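These notes are about the structure you will find just below.
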Amino acid sequence: MNSELQVLKKIWENEGKSSIKLISNQTGFGLDYVRYLCNSLTKKGQIKSTGKRGWYKITAKREKEISKRIGGVKKVILPWAGKFLAPKPLKVKSKTKLLPVEEKKLNFGKKIEKVISFLRRV
Amino acid sequence: MTRESSPQKGKGMDIGTVFVYCAQKIGPEVTFRIQRNAFFDIEYSEFARGILEKSDVKYILSKDKIYVVGEDAIKFANAFGRNLRRPMRSGVISPREEEALPVIEVVIKSVLGEPSEKGELCYYSIPGTPVDADFDTIYHQNIIKGFLERWGYKPKPINEGLAIIFSELAEDNFTGIGLSFGGGMSNVCLAMMGVPVFSFSVARAGDWIDEQVAKATNRPVSKVTTFKEAYLNLKKSEGQMNKIEQALSIYYNNLIEYVLKQIKEEFERKAIPEFENPIPIVISGGTATPPGFIEKFREILKRTDFPLKVREVRLAPYPLYTVAKGTLIAAIADKEK
């Protein structure tokens, strides 16, 4: 991708308008170089000044062209990929919704009752 | 359901490194629900999922992985030749396992179930502050508390050693030492009339023995664990023991000596009240279950300059269920007060 295209892409990604400073931060190009590229794109009719100093927006003509291109591409999600793309919450796969557990019954009842009544008196 | 067999309100939980137990009193019986605190992960694929469905294995789905939790995880770990993963380590939630929280949540929920009423009391065991490791139990305690509250319980933590005292020392007025030798930790609590004088834990227990023996005998840890659980008999004379048994016996000795040394040091650090009579020591936990453990403990205690007079050393009648039983007693006694 050449530098002019990179600048154009950043303006497009910033919702159609952007400042030289922002583009410089996003692309890593120097401020003067971005200014030079913006002037060049303005001359080509791709972008124009918003009226605010250092701010540019994509021209209506160029916007139309881009929209046309994007409109021609359909976003395709393969049916099998859907379940991998969406994060699944942790869920237990079981009829009872719980994992099976081992169970053991011990005849502690009376002993426990004695202990509890003792503890209640304390 | 008759009134006689209706469940009594209040539950007790023993949240251990290897197993999670939930105790509930139903009529004259106490029902224990048990889940292995372990899991195993497989990369997600329709094929793997299909196999699990066909084998009726319960699993957890995540973004890109399938987790087999509980007892079935062992089968898969053996089949794939990989180590079982554990959501807890050294008695607390493992910082090494990213998936520890969702897995432990499922494990606990599976044994605990729904509360019988909103705000049902649930006592859960927590280890004492470790004296030989650089971590505390605050995070673990609060995470478990959060789960229980979210499910509608009123959670209350209880020290593991104190739970043993509640379970086994009623006839001694809840005075004595409760000791648990679990998988990740050994817990100690000295209580007088049910009030803890001191309680602490050491980061050495069954897992530590397995790791040391594995290193000493150059065998995988899982093989040592399986051998220990299935065949170890500490009553055998040294001459009759094979290499693994000898190593296990050595590290069992070392663990008991280490715990007794830590108890002695605790006595030196703290002002301990005087006990009128010699005290009982009651021991529980899976690591204490091999035949000959209690005899070994008594023998080592005898040659130790122990700071208290000990009347007896005994193994709890059901050493695997003792802590859960103690937490249940605490829950019912608290609720009815």
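The values are calculated or read from the model by the stated rules, or taken from the named source; none is laboratory data. Since the model is a prediction, treat every value here as computed from it, not as a measurement. Positions of Cβ are backbone-derived with ideal geometry, glycine not excepted, and every protein chain shown enters the neighbour counts. When the accessible area is computed, the model is the full protein with side chains, heavy atoms only, and any ligands, DNA or RNA have been set aside. Shrake-Rupley method; radii C 1.70, N 1.55, O 1.52, S 1.80 Å.
The sole residue among B:GLU295, B:GLU257, B:GLU274, B:GLU266 that is farther than 30 Å from A:GLY109 by Cβ, without any contact (Cβ under 8 Å) to a residue 12 or more places away in the chain and not basic (Lys, Arg) is B:GLU274.
Each row is one residue, and each column tells you yes or no for (1) open to solvent by 20 Å² or more (accessible area, probe 1.4 Å); (2) more than 19 Å from B:ALA330 (Cα to Cα); (3) free of Cβ contacts under 8 Å to residues at least 12 places away in the same chain; (4) more than 10 Å from chain A (Cβ to nearest Cβ).
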position: B:SER5; (1), (2), (3), (4): yes, yes, no, yes
position: B:VAL20; (1), (2), (3), (4): no, no, no, no
position: B:GLY27; (1), (2), (3), (4): no, no, no, no
position: B:ASN37; (1), (2), (3), (4): no, yes, no, yes
position: B:GLU46; (1), (2), (3), (4): yes, yes, yes, no
position: B:GLY50; (1), (2), (3), (4): yes, yes, yes, yes
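In the range B:302-311, the residue that is modelled with the lowest pLDDT out of those that are over 14 Å from B:VAL259 (Cα atoms) and open to solvent by less than 60 Å² (accessible area, probe 1.4 Å) is B:LEU308. Residues in the range B:146-165 that are closer than 26 Å to B:ASP207 by Cα and open to solvent by 30 Å² or more (accessible area, probe 1.4 Å): 1 in all.
One line per residue, one yes/no per condition, for (1) among the acidic types (Asp, Glu); (2) open to solvent by less than 70 Å² (accessible area, probe 1.4 Å); (3) free of Cβ contacts under 8 Å to residues at least 12 places away in the same chain:
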{"position": "A:GLY16", "(1), (2), (3)": "no, yes, no"}
{"position": "A:ASN25", "(1), (2), (3)": "no, no, yes"}
{"position": "A:LEU37", "(1), (2), (3)": "no, yes, no"}
{"position": "A:SER40", "(1), (2), (3)": "no, yes, no"}
{"position": "A:GLN46", "(1), (2), (3)": "no, yes, no"}
{"position": "A:GLY54", "(1), (2), (3)": "no, yes, no"}
{"position": "A:GLU63", "(1), (2), (3)": "yes, no, no"}
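I need the full set of residues from the range B:265-290 which are among the basic types (Lys, Arg) and either in contact with a Pro (Cβ under 9 Å, 6 or more places away or on another chain) or part of a loop (DSSP other than H, G, I, E, B) (or both), in order please. The one that is among the basic types (Lys, Arg) and either in contact with a Pro (Cβ under 9 Å, 6 or more places away or on another chain) or part of a loop (DSSP other than H, G, I, E, B) (or both): B:LYS270. Among the residues that make up the range B:73-80, is at least one of them facing chain A (nearest Cβ under 8 Å) and either within 16 Å of A:VAL101 (Cα to Cα) or touching a Lys or Arg at 6+ places or on another chain (Cβ under 8 Å) (or both)? Scanning the range B:73-80 turns up no residue that is facing chain A (nearest Cβ under 8 Å) and either within 16 Å of A:VAL101 (Cα to Cα) or touching a Lys or Arg at 6+ places or on another chain (Cβ under 8 Å) (or both).
Applying the set (1) in contact (Cβ under 8 Å) with a residue 40 or more places away in the chain; (2) at the interface with chain A (Cβ under 9 Å from one of its Cβ atoms); (3) touching a Pro at 6+ places or on another chain (Cβ under 7 Å) to B:ARG33 leaves exactly one unmet item: (3). For the range B:19-34, the criterion of being of a type in the set (S, T, N, Q) and at pLDDT 80 or above is satisfied by at least one residue.
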